[in-house]
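Working notes, structure below.
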Amino acid sequence: MKTHLVISVCIFIFMSVTFSACKKDKKTPVCDGSMPTYNTEISVIIQSSCMGSSCHGAGSKHGEWTSYTNLKPQLDNGGFKKYVLEKQSMPKGSSLSQEQLNMIQCWVDNGYPEK
């Protein structure tokens with residue numbers, strides 16, 4: 001009986017370590033006090049990372065992020081922050097650099113200024 005329990009515990013620990021190692025290593029975004037705006041820094045990140053592969057380009061069924069006006073509903077409802085900064089599940093298929101995440105975090109912290 002003890003042997004089965006020890007084996008079960010060992011298997012559980014092994015599986016836990018194995019699956020935790022497979023998770024995406026998320027980088028915690030930290031604002032350095034800068035004041036980026038959509039027009040100066042953020043639109044460049046969105047254009048290069050979010051509009052390709054029909055994700056958020058013109059006419060996308062996933063939401064068109066081709067302008068600040070089109071992105072604003074996702075900013076207001078928290079979806080952008082949730083998926084880009086917290087879950088870091090977007091952009092699909094690639095990762096934002098720590099510098100990009102930090103810049104986006106500052107933009108969020110400062111209320112998503114357009115200009």
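The values are calculated or read from the model by the stated rules, or taken from the named source; none is laboratory data. Since the structure is predicted, the reported quantities are computational estimates derived from the model, not experimental observations. Neighbour counts run over all protein chains shown; Cβ positions are idealised from the backbone, glycine included. These accessible areas exclude ligands, DNA and RNA; they are computed on the full protein's heavy atoms, side chains included. Shrake-Rupley method; radii C 1.70, N 1.55, O 1.52, S 1.80 Å.
At-a-glance table
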read-out	value
All positions within segment 86-95 that are surrounded by 15 or more Cβ atoms within 10 Å (Cβ to Cβ) and in contact with a helix residue (DSSP H, G or I) (Cβ under 6 Å, 6 or more places away or on another chain)	Met90, Pro91
Candidate set: segment 64-86, residues that are part of a loop (DSSP other than H, G, I, E, B) and in contact (Cβ under 8 Å) with a residue 12 or more places away in the chain; chosen: the one nearest to Thr28 (Cα to Cα)	Trp65
Number of positions in segment 26-58 that are in a loop (DSSP other than H, G, I, E, B) and open to solvent by 70 Å² or more (accessible area, probe 1.4 Å)	6
